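Encoded as structure tokens, the structure appears first; notes follow it.
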Amino acid sequence: MRRRHFLELLAMGAAGLALPSRGRAVPASSQLIIGQVQHGGRWNPRPSALRRLQWELAQRTSIETGADAVPVRLGQPGLHRSPMLYLVGDGALPPFPEPERAALRRHLQYGGFLLVDAADGSDGSGFDASVRRELAALLPGSPLLRVAREHVLYKSFYLLDHQGGRLAVKPWLEAQVIDGRLAVLYSQNDLGGAWARGPLGDWEYACTPGGEAQRETAFRLGVNIAMYALCTDYKDDAVHLPFILRRRS
Amino acid sequence: MEGYNAWRLTSLAPWPRWALAVLVLAAVAAVALAWRGLRGEPRPGRRAALLALRAASAVLTLFLLVEPALRLLQTSRVKSRLAVLVDASRSMRFPVEPGGRTRAEAAAAFVGRHRGELEALGDRVSLEWHTFERDLAPADPAALVRGAPPRGGRTDLLGALKAAAGGGTGRKLAGAVVLSDGADNAALAEGLTPATRAELRALGMPVTAIAVGTGSPKDLALERVAVDDFAFVRNTVTVEVGLTVRGFGREEVPIVLRREGAVVARGAVRLEPGQERYTVPLSFVPDTTGTFVFTVAAPVFPGEAVAENNSRSFVLRVIRDRVRVLLVAGRPSWDERFLRTLLKQDPNIDLISFYILRTATDQPGSQDELSLIPFPVAEIFGEQLRTFDAVLFVNFAYQPYRSLDIERFLPALRDYVRNGGGFAMLGGEQSFGEARYGSTALAEVLPLESPEAAGIATGAARPRLTPEGLRHPVTSLAAGDAPNEAAWAALPPLPAVNRTRALPPGSGARVLLDAPAVPVDGRAAPLVAVREVGSGRALAVATDASWHWGFVAAEDLGSSRAYQHFWNNALRWLVRDPSLTPVQVEPDRPAVEPGEPVGLSISVRAPDYGPGAGAPVQGELVGEDGQVVARGEAVAGPDGTAHLELTPPGPGAYKVVATARPRCGSGPCPPDAPIERATGAVAVRASGPEDADAAPRPELLRAVAQATGGTFSSAEAGLPEVRLTDPEVVEVGRRKDLPIWDRGWFLAALVGTLAAEWVLRRRWGYW
């Protein structure tokens, strides 16, 4: 065993000890396990990102998460066992075959949620151009629109008023809406790049221009996105309003 | 002429009218032609003579053609009628003045004193004696003098006058004498309106009104209760109580509103001298749905004329505007997410949610940067609990939150179910035995036994309908046993099932779905179970993966309808949606008068939700003391409905209880066929309109007399002038026509005028 590998295992063991003890066995089927979409392009440029996000979710919230994400193929059976999907890419994507597009469309129409993340920070080219083409074909009746600052997404757990990510390409998120619900959420700021953390505990990428504060915001946004996927507009219920207004003031 | 006392001119000509008109026109034309031909005559004397001769000829010709005659008639004057109407309504039981004789006695004495004067009018009119209240009835004047007990439940003066005017075999009513206290509670209840004034005038006769009773007895009456027929649960209902108070000093009168014995609102009114009418608003918030009898009551004070009018009952149907559901989730999960989405989509559901988003061990950062709110345990499980129609625990444990001490509210939640609430527990690692609910008060209402730390079975558990699940509305995904079983069999298996046990028979619990792949003590683990406890209902779904029946099923089946169907059924069953009730009962009227029977329509649904034709039904009236006071039985007709009439023993509020065996409609009735039950309410009024206001209304009688051109007096002052219309003149007997045209000199005159004109014209050079 090489020294580096040994140190990595040691660090992972220490991290495991630091996890809170829930005292109850939660079946995997009852956990939040994000399905990462395998596509024809570079589909997994940030392999540790979702593992770290799920770990942070377990640390910060009552959401029970799996150890890591699961890769899913849109055309394969079992897609609906992962109501929350993550589609990330670095560079252009080939067009999705129509059966895969139909499967993803059905997933979203029946209540699924898709987070799309541009790892390459592209804007008008590369992943951005490809995924906009795919999303337009996916839900032609629901164009990508900016998510308003007042949307419940920005208060589903943390009270947020700015974006996070490895980059700051766009100070907003975009979304496609089905029946008033955000079904597809698109970030051009490489959220996964901010979440990715190596086994030795070092962040894999620097966040620019905001540094660690921008990374923390990326995690908080990730937490809010997961909360939104699981609770939808719960924080828009009237009972929360006075508390949120007080804290925002 | 002998025997004839009248005559008039008539025509004996057989011509129709149009022919006569043509003749007249021809005569006019003949005169006009003569005038036209004489325009050039310079000598006016000649012109006038010729025109006169032509006109005379025309008139004589017409006279002969019309054949005039003298009609001799034998006529006589016919007596019109005079109706004497004596009030026989119950208000005549009240004293003329406080402590005095009754109005009925005063009326009898008046008839005794003035009967002779009235009968003296017999040479002009034919005298008729009646009593009146709701209807008009002929009466014997001797009996009126003796005084008959007044029993009528209503006073309808205008109706009585109309009935009197319409009677008499066509003979005209020349007038009416009304002897009454004027306490009309029909068309004239609000006094004379333009419409009623016009109706009185249309009678065409003067009314002589004699008021009986001048002073108002001491009385407090709940004269009016204004409230809608239905109200929304948990919404404030305001009942407006109208009081009429007479003979009281400055006093404060407490008013209470009771729902089937329990006080739900109180109010008071401060009496002021000179003011007789008061309105008291009583507000309350109904907390449960159903049909209830409410009673407004004021105390009975010493010396009051009528005690019965101090309370009034009415029936109010309390319905839900929207089903109010409390959803408490132990943590965000897909089970919670899909259920919330489903419930939020239903516009009839008002969803209140509380999710535990962080635990004590979670480290999200500063509280000020979070949108989290404190869990208002005391509020939702305490004061607000009864406002919910159903409470759903989605993988929610009570123990982890020590500071909140949720366990102390579990008995209240148990009682909430027993008292009519709906409760559902959904599975997960924080539910059932995993959360040790089996040792809490909630276990007394849960439909499953929750062995402690029995664990969660993972794998593929396919749900199986039990025999009871086949028929139960909660697990009815399709009509009919086989389609229903097929619908369940097509659903994807569940990946996790909480290990629980079925409750023993007799507990009222039923397992509807089980999981053969998950054995517990050698038997298939229950998956869905229901229980009726007290008047409430509980549901257990021993998995946190019911969303697989929707979202996961949609991948294979292309539909999530089974999931929607199941949860819609479950919620409707929990909140006792009327459309799922196998027996329903509806009184024909919410309130009846004393002595009237109560009509009940009882409808029965068969287990397949079709009409329960042939099912035996039973209806009961239950008094406020819980005793059955009337009972009846019937058999549902082809439409599943039976009608019963039960007679309550007296005024008051009655609960209506209908029971039926819907499974006994066709074929032999199995001994274990369940008895289904439905309840309603009906009120028997303690006081009718006659008792509501004991005050006499002489001013109304005066107004009636004035409107009809009659006279008014009080009984003490005696009989005033009785005005009558002129008697009607009608023909009777013989008639005879004497022709007057067939005299010879009329013809001679005509020949003479024609000849004279001819001669003169020739002489003066016109021909």
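At a glance:
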item	result
Contacts under 6 angstrom Cβ, first residue in segment B:411-430 being of a type in the set (A, V, I, L, M, F, W, C), partner at pLDDT below 95 and part of a strand (DSSP E or B), 6 or more apart	B:VAL417/B:VAL533; B:VAL417/B:GLY536
Pick from segment A:27-58, criterion of a type in the set (A, V, I, L, M, F, W, C) and part of a helix (DSSP H, G or I), ranking: farthest from the other protein chains (Cβ to nearest Cβ)	A:ALA49
Positions within segment B:262-293 being closer than 16 Å to B:ALA653 by Cβ and touching a residue at least 60 places away in the same chain (Cβ under 8 Å), in sequence order	B:GLY290, B:THR291, B:PHE292, B:VAL293
Among (1) without any contact (Cβ under 8 Å) to a residue 40 or more places away in the chain; (2) in a helix (DSSP H, G or I); (3) surrounded by fewer than 19 Cβ atoms within 10 Å (Cβ to Cβ), the one test that B:ALA187 misses	(2)
Failed item, numbered, when A:THR61 is tested on (1) within 26 Å of B:LEU370 (Cβ to Cβ); (2) surrounded by fewer than 22 Cβ atoms within 10 Å (Cβ to Cβ); (3) within 13 Å of another protein chain (Cβ to nearest Cβ)	(2)
The lone exception for B:VAL306 - which of (1) part of a loop (DSSP other than H, G, I, E, B); (2) under 22 Å from B:GLY420 (Cα atoms) it fails	(2)
Residue within segment B:256-264 that is under 29 Å from the mean Cα position of the chain (by Cα), β-branched (Val, Ile, Thr), under 16 Å from B:ASN309 (Cβ atoms) and surrounded by 18 or more Cβ atoms within 10 Å (Cβ to Cβ) present	no
A:ARG81, sole failed condition from (1) within 14 Å of chain B (Cβ to nearest Cβ); (2) touching a Pro at 6+ places or on another chain (Cβ under 9 Å); (3) modelled with pLDDT under 95	(3)
Filter result (out of contact with any Pro (no Cβ under 8 Å at 6 or more places or on another chain) and aliphatic (A, V, I, L, M)) within segment B:521-576	B:VAL533, B:VAL541, B:ALA554, B:LEU557, B:ALA562, B:ALA570, B:LEU571, B:LEU574, B:VAL575
Residue selected from segment A:178-203 under the condition farther than 18 Å from A:LEU230 by Cβ and among the aliphatic types (A, V, I, L, M), by the criterion nearest to the other protein chains (Cβ to nearest Cβ)	A:ALA194
Strands (runs of 3 or more DSSP E) enclosed by segment B:456-535 - at least 1 residues per element that are surrounded by fewer than 17 Cβ atoms within 10 Å (Cβ to Cβ)	B:456-461, B:509-520, B:523-533
Selection status of B:ALA211, in contact with a helix residue (DSSP H, G or I) (Cβ under 9 Å, 6 or more places away or on another chain), within 28 Å of B:GLU716 (Cα to Cα), buried (at least 17 other Cβ atoms within 10 Å of the Cβ) and at pLDDT 90 or above	yes
Candidates A:GLY91, A:GLY111, filtered to the one that is surrounded by 21 or more Cβ atoms within 10 Å (Cβ to Cβ) and either more than 14 Å from the chain's Cα centre (by Cα) or at pLDDT below 95 (or both)	A:GLY111
Selected residue (only one of A:ALA168, A:ALA136, A:ALA206 is in a helix (DSSP H, G or I), surrounded by fewer than 22 Cβ atoms within 10 Å (Cβ to Cβ) and away from every other protein chain (no Cβ under 14 Å))	A:ALA136
Positions within segment B:434-450 being assigned to a loop (DSSP other than H, G, I, E, B) and not charged (D, E, K, R), in sequence order	B:THR440, B:VAL445, B:LEU446, B:PRO447, B:SER450
So A:LEU221, is it crowded, with 23+ Cβ neighbours inside 10 Å, within 22 Å of A:LEU115 (Cβ to Cβ) and at pLDDT 95 or above	yes
Pair list, Cβ < 9 Å and 6+ apart or interchain, from segment B:554-579 residues that are more than 13 Å from B:TRP488 (Cα to Cα) and facing chain A (nearest Cβ under 10 Å) to residues that are of a type in the set (Phe, Trp, Tyr) and part of a helix (DSSP H, G or I)	B:ALA554/B:TYR563
Complete set of residues in segment A:209-249 that are among the acidic types (Asp, Glu) and away from chain B (no Cβ under 11 Å)	A:GLU212
Candidate set from segment B:216-239 (those that are in a strand (DSSP E or B), under 26 Å from B:PRO698 (Cα atoms) and of a type outside the set (Lys, Arg)); member that is nearest to the chain's Cα centre (by Cα)	B:VAL225
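This table checks each residue for (1) in contact with a strand residue (DSSP E or B) (Cβ under 7 Å, 6 or more places away or on another chain); (2) in a helix (DSSP H, G or I); (3) aliphatic (A, V, I, L, M).
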site	(1), (2), (3)
A:GLY75	no, no, no
A:VAL88	yes, no, yes
A:GLY91	no, no, no
A:PRO94	no, no, no
A:GLU100	no, yes, no
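To keep it simple, each residue is scored yes or no on (1) within 14 Å of chain A (Cβ to nearest Cβ); (2) of a type in the set (Val, Ile, Thr); (3) over 24 Å from B:ALA265 (Cα atoms).
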| position | (1), (2), (3) |
| --- | --- |
| B:THR289 | no, yes, no |
| B:PHE292 | no, no, no |
| B:VAL296 | no, yes, no |
| B:PRO299 | no, no, no |
| B:ARG331 | yes, no, yes |
| B:THR341 | yes, yes, yes |
| B:LYS344 | yes, no, yes |
| B:GLN367 | yes, no, yes |
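Conditions (1) surrounded by fewer than 23 Cβ atoms within 10 Å (Cβ to Cβ); (2) among the basic types (Lys, Arg); (3) away from chain A (no Cβ under 13 Å), marked per residue:
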residue: B:GLN363; (1), (2), (3): yes, no, no
residue: B:PHE375; (1), (2), (3): yes, no, no
residue: B:PHE393; (1), (2), (3): no, no, yes
residue: B:PHE396; (1), (2), (3): no, no, no
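The values are calculated or read from the model by the stated rules, or taken from the named source; none is laboratory data. Not measured: the values here are computed from a predicted model. Heads up, the Cβs are rebuilt from the backbone with ideal geometry, glycines too, and the neighbour counts pull from every protein chain shown.
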